[in-house]
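Structure first, then comments.
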Amino acid sequence: MQTAPQLSIIVAARISASTIRACLETLERNLAAAGPGETEVIVVDGHSIDGTLDIVHSFSFPKTIVSSEVGAARAYNQGVRQARGRWIAFLNSDDEWAEGFLGAVLARLRGRKAERQAERLVLHTAVQFIDGRGRDLYRRYPAPYIGFIQKYYSVILHPNACYPAALMKRHPFPILEGNRFSDREQVWTLMREARAVRVPEAFYRYRISPHSGTVQLARQGTIRKSPVGVRLVALVGRLYVQW
């Protein structure tokens, strides 16, 4: 009987020919940190017509390719249904993993704490915002997590985290009107049952327009570690632990 992998990696793609090669190249390099059978890769394609799948097939690492209805939420839900791993990580087809991302995540998953609390822990990594050419725009490190603040401010951006598969299967992404991506709504739901643990040395490279609101706020200094947040953590006493 084939042993289930420790981690399922889900890549959702649709008309991604311009970015998916760089995405999968970073994934391929990161897979060197995994032991035999420790991971599986699931590529979910939303009926791309631009050569995306030709690029996917050109990579030799083992992978399962499945099709999905249009819409990011439907694609990720399809990937979660296919996943056999105990944990699930996501990689958007226009994003990348920095060197060492997977090794840092797997090091946590191999630990005793992850083993004991496999359905309650979400591993939360740092984020490196990049532009269309892959240049570094802004870095965001994991901030202290407080349960009730998660309802108003997303400290987890969905793909920069590793989730328990049982939790993901219990709470699939909601399907919103107009196929709007429901990652924030789903993170809020998950974090009512889970506890976030930082992996600050792992960087998820999130591709974003330099004109986006997130980047503009970062350049203005609005997004940064807040002393107020630190005081709230001391007051509430609910701070996730860095291993």
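Before moving on, here are some points about what is shown:
- Test item: Cα-centred dipole of segment 53-111, Lys/Arg +1 and Asp/Glu -1 on Cβ, debye: 520 debye
- The solvent-accessible area of Arg207, taken with every protein chain present and a 1.4 Å probe, is close to 40 Å².
- Stokes-Einstein D (µm²/s) once Rh is taken as the Kirkwood radius of segment 42-120 over alpha-carbon pairs, at 10 °C in 1.306 mPa s: 109 µm²/s
- Subtracting the Cα-Cα distance of Asp131 and Arg192 from 0.36 nm times their residue separation leaves 18.7 nm of extension gain.
- Ser93 long-range amide H proximity, modeled H, under 5 Å: Ala12
- Across segment 75-84, rounded Karplus estimates of 3J(HN,Hα) from the backbone phi angles (6.51 cos²θ - 1.76 cosθ + 1.60, θ = phi - 60°) give 5, 5, 5, 5, x, 5, 4, 7, 5, 10 Hz, Gly and Pro being marked x.
- Note on Ala107 and Ile15: the model spin-label points, each 7 Å out from Cα along the C-beta direction, lie 4.1 nm apart.
The values are calculated or read from the model by the stated rules, or taken from the named source; none is laboratory data. Just so we're clear, the structure is a prediction, and the values are computed from it rather than from any experiment. Heads up, the Cβs are rebuilt from the backbone with ideal geometry, glycines too, and the neighbour counts pull from every protein chain shown. Calculation scope for accessible area: heavy atoms of the full protein, side chains included, ligands and nucleic acids excluded. Shrake-Rupley method; radii C 1.70, N 1.55, O 1.52, S 1.80 Å.
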